[in-house]
Amino acid sequence: GQSLEQPSEVTAVEGAIVQINCTYQTSGFYGLSWYQQHDGGAPTFLSYNALDGLEETGRFSSFLSRSDSYGYLLLQELQMKDSASYFCAVPNQGGKLIFGQGTELSVKP
Amino acid sequence: DAGVTQSPTHLIKTRGQHVTLRCSPISGHKSVSWYQQVLGQGPQFIFQYYEKEERGRGNFPDRFSARQFPNYSSELNVNALLLGDSALYLCASSQAAQETQYFGPGTRLLVL
């Protein structure tokens with residue numbers, strides 16, 4: 001089977017840095033994706049890591065360690081608009097995405 | 001460029017009715033996937049279609065069915081609605097079955 005674990009909630013202040021962790025168990029591994037979802041909205045693709053290391057896209061970075069079955073999303077210079085749910089997801093061989101339960105990020109002034 | 005579009009945006013049905021949800025993928029994308037998201041949880045995979053053929057099915061009852069048309073748009077049908085079918089139904093498209101998936105705004109279904 002496949003499962004992903006991530007914290008349910010994280011709180012941080014504007015301008016800070018926050019890290020959202022994700023551990024996974026999969027029968028085969030094809031990469032780790034991150035999505036952002038604001039209340040009632042569509043999940044928005046943020047990043048994809050197929051290989052170990054850090055991928056940087058603006059204020060957001062994503063890291064993967066395949067040997068540890070672990071990844072994280074790093075958000076820098078937090079803004080109020082970053083308050084949202086963040087999901088890690090892994091695709092199976094056919095492309096079906098398996099999602100974690102989501103981490104609700106609250107950014108405080 | 002237009003993203004993934006879905007219709008309707010909201011829908012209210014009663015138990016036992018059926019519903020059809022529609023999705024148009026990003027231009028050039030040939031794969032469409034459907035997900036169900038209940039409040040407080042991550043999306044759950046229902047179906048994936050690629051080039052009009054079903055490529056995957058999640059753990060949902062036979063009341064759920066889908067199809068993909070020659071223009072790559074897709075419909076999700078749910079029969080004999082139950083209260084537990086109330087959820088946000090998301091459609092995602094990708095260039096191919098294993099490529100990055102981009103989500104539409106979803107259809108929020110309420111079953112009374």
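Could you list all residues from the stretch B:91-103 that are surrounded by fewer than 23 Cβ atoms within 10 Å (Cβ to Cβ) and assigned to a loop (DSSP other than H, G, I, E, B)?
B:Gln95, B:Ala96, B:Ala97, B:Gln98, B:Glu99, B:Thr100, listed by residue number.
Being among the basic types (Lys, Arg) and more than 10 Å from chain B (Cβ to nearest Cβ) is the filter here, so list the residues in the stretch A:58-109 that pass it. Write out each step before concluding.
Of all residues in the stretch A:58-109, those among the basic types (Lys, Arg) come to A:59, A:66, A:81, A:96, A:108.
Within the stretch A:58-109, A:Arg59, A:Arg66, A:Lys81, A:Lys108 qualify.
Mind listing just one residue for me: the one in the stretch B:19-67 that is among the aromatic types (Phe, Trp, Tyr) and farther than 30 Å from A:Glu9 by Cβ and, of those, farthest from the other protein chains (Cβ to nearest Cβ)?
If we take residues in the stretch B:19-67 being among the aromatic types (Phe, Trp, Tyr) and farther than 30 Å from A:Glu9 by Cβ, then B:Phe64 is farthest from the other protein chains (Cβ to nearest Cβ).
Among strands (runs of 3 or more DSSP E) lying entirely in the stretch B:25-90, which contain 3 or more residues that are within 14 Å of the chain's Cα centre (by Cα) and surrounded by fewer than 19 Cβ atoms within 10 Å (Cβ to Cβ)?
Of the strands (runs of 3 or more DSSP E) lying wholly inside the stretch B:25-90, those with at least 3 residues that are within 14 Å of the chain's Cα centre (by Cα) and surrounded by fewer than 19 Cβ atoms within 10 Å (Cβ to Cβ) span B:53-57, B:64-68.
Quick check: is even one residue across the stretch A:29-47 modelled with pLDDT under 95 and among the charged types (D, E, K, R)?
Taking every residue of the stretch A:29-47 in turn, at least one turns out to be modelled with pLDDT under 95 and among the charged types (D, E, K, R).
Looking at the stretch A:58-81 only, could you name the residues that are more than 14 Å from the chain's Cα centre (by Cα) and of a type in the set (D, E, K, R)?
A:Arg66, A:Asp68, A:Glu77, A:Lys81
I'd like the residue in the stretch A:14-55 that is within 11 Å of chain B (Cβ to nearest Cβ) and among the hydroxyl-bearing types (Ser, Thr, Tyr) and, out of all such residues, is surrounded by the most Cβ atoms within 10 Å (Cβ to Cβ).
Among those residues, the one meeting the criterion is A:Tyr35.
The values are calculated or read from the model by the stated rules, or taken from the named source; none is laboratory data. For clarity, every value in this text was computed on a predicted model and none was experimentally measured. Using ideal geometry, Cβ is built from the backbone for each residue, glycine included, and neighbour counts are taken over all protein chains shown.
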